[in-house]
Amino acid sequence: MSAHSTRAAPTSTQGWRREPTWQALQGQATWDVCVVGGGATGLGIALDAAARGYSVVLAEAEDFASGASSRSSKMLHGGVRYLQQMDFALVKEALEERATVLANAPHVAQVLPFVIPCESLAHAAFYGSGLKLYGLLAGSHNVGRSHYISSKAMGAQVGALKAHAHGIQYHDGLFDDARLAQSIARSARERGAVLMNYCRAEIQGQADEGADLILLSRKDTGAQHTLRARCTIVATGAWSGERVAVSRGSHIVLKDIGLASGVLLPKTPDGRVLYLLPWLGHTLIGTTDVSVSRPDYGHQAPQDDIAWLLKTASQVLQKPLEAHQVTASFVGYRPLVHRSQTGKNSSQLSRAHLVERLSARSLRVVGGKWTTYRRMAQDALDAAIAHGMLPKAMACSTAQLRLSPNPVLDNAWLTQGQWSEDQLQKIVQSAVQEEAACHAEDILYRRLRTGFTDQALAQALQSQVAQSMKMMSG
Ligand SMILES: Cc1cc2nc3c(=O)[nH]c(=O)nc-3n(C[C@H](O)[C@H](O)[C@H](O)COP(=O)(O)OP(=O)(O)OC[C@H]3O[C@@H](n4cnc5c(N)ncnc54)[C@H](O)[C@@H]3O)c2cc1C
């Protein structure tokens, strides 16, 4: 068997229809790779596997990126705070990956200046030296110099900030997580991967020495199919059961409060980290870090979290924020790998990723960050090859693989709320036919991000989008 002999024919990016996709995944006797979960990690694996020449099927129980991967803080970063945990290898790897995403997905990722407001020169010296180290770890991948910034210069950049005696400026990446997920999915499909959303996958056990059986169940029709895969890679994030500790991170979004830079508060009064970011014409503030027993797909952040975010951000702003300024809130669930670290709270658990063998023909990838999704995929596939689950194929090529944009949807937020009927029709058509949206919510949240920036507007557009989808299918 050669990996290349079993590869599915590349599909066109035009016309990602649900029924042909369902037929396609039944059309192959044995797949090289079956990916369970369509968040950043799973989609990254599907793209890497398809680019290496393997035949790939991916099943996502809900919508693509409906878990943590559309609810992150939108930072492409090494994690300034992990420096405090002395996890330099983790930071270095993530900084390399930051540069890779910035190079390969410039349509959804950019460099953003940040400031850290400091009360004393000692604080400025502490954070300044930490950020010098951050820059050194980035090496040739550095995206901008860090330096001391005066109170006046900081005020000019971030007018909304209260006067602080000192500040440090540095640079990191900002990205659009849900759009990046779609870009990875599109690039994977262009290379022949078959991706099905609203389709749960469960490993049923070994078919024979050469393959596992995976039961796929469609959420819309209830139809089922059992497929054979040489290698199954489980990438179910916070839905990975006891393997992960789950931490809830809430964000709030407000109409732009006037941020030209991001603001990092490295130590809130209760020891957390808070970001204030300019995002899609709005201000994004997050996040909380609260241990919970399990994740869900709900959107709204709990009132307590919203109140904490408003109060904590207000402490560094000239004008305190008020609840009525909040246009949207959302929660995400971090999958933090459980190691023998009992006694640590969730903000101290490692963000490193883990590839572990589940059985002769299956692996699980868990933990990590959005920023490192590509590296996680590479490590998972290299492990599958090393364990003999897959024949050797081409080496990983995703570090140099430019991701495919979708010009219709990548910039649609710029004019959101002002679309003509024709424009909305075009948007809906692209979301359904090119990005597998099945429900109005898929479009309004994960294809356009309206629901993540302005929940009232998303609600107002709901019936129009649903109507437009109905007309297309009719
Ligand atoms: C609040 C918050 C802020 C964050 N901020 C950042 C940041 O700024 N920068 C950064 O780099 N990282 C950040 N992260 C981390 C990053 O978002 C996650 O590491 C990443 O999105 C995890 O992707 P994933 O694919 O592993 O998980 P998910 O995106 O959660 O995907 C797992 C998927 O598996 C599906 N699934 C579960 N069971 C099944 C099944 N049986 N069959 C099929 N599908 C199944 C789920 O529906 C889900 O879509 C943040 C995370 C959170 C929660």
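We did not get these values from a lab; they are worked out from the coordinates using the rules stated. Everything numeric in this text was worked out from a predicted model, so none of it was measured. Positions of Cβ are backbone-derived with ideal geometry, glycine not excepted, and every protein chain shown enters the neighbour counts.
At a glance:
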read-out	value
With Cα atoms, 0 to 90° folded angle of helix 177-190 axis to the chain main axis	30
For the range 101-106, Karplus couplings with θ = phi - 60° (6.51, -1.76, 1.60), whole Hz, Gly/Pro x	5, 4, 6, 8, 9, x
Label-point separation, residue 356 to residue 395 (7 Å along Cα→Cβ), nm	3.1
Qualifying trypsin sites (Lys or Arg not before Pro) for the range 225-301 [loop in DSSP, other Cβ within 10 Å: at most 15]	267
Sparse-neighbourhood loop sites, chymotrypsin sites (Phe, Trp or Tyr not before Pro) in the range 214-309 - DSSP loop, at most 14 other Cβ within 10 angstrom	297
Helix 121-138 axis, angle to the chain major axis (alpha carbon atoms, nearest 10°)	30
Set of aspartates and glutamates with alpha-carbon distance to residue 219 below 18 Å, sequence-local pairs under 8 removed	19, 60, 62, 63, 202, 296, 435, 441, 442
Spatial separation of Cα centroids for the range 148-205 and the range 236-305, in angstrom	13
Residue 19 paired with residue 140, simple spin-label distance in nm, labels 7 Å along Cα-to-beta-carbon	5.3
Longest exposed-site-free window of the chain, the sites being GluC sites (Glu not before Pro) in a DSSP loop that have at most 13 other C-beta atoms within 10 Å	323-474
Pairs beyond 30 Å (Cα-Cα), from 132/255; 92/267; 255/369; 132/369; 162/369; 255/470	132/255; 162/369; 255/470
Amide H within-cut-off set for residue 35, under 5 Å, with H built and near neighbours excluded	57, 58, 59, 233
Degrees between helix 421-435 axis and first principal axis of the chain (Cα, 0 to 90, nearest 10)	60
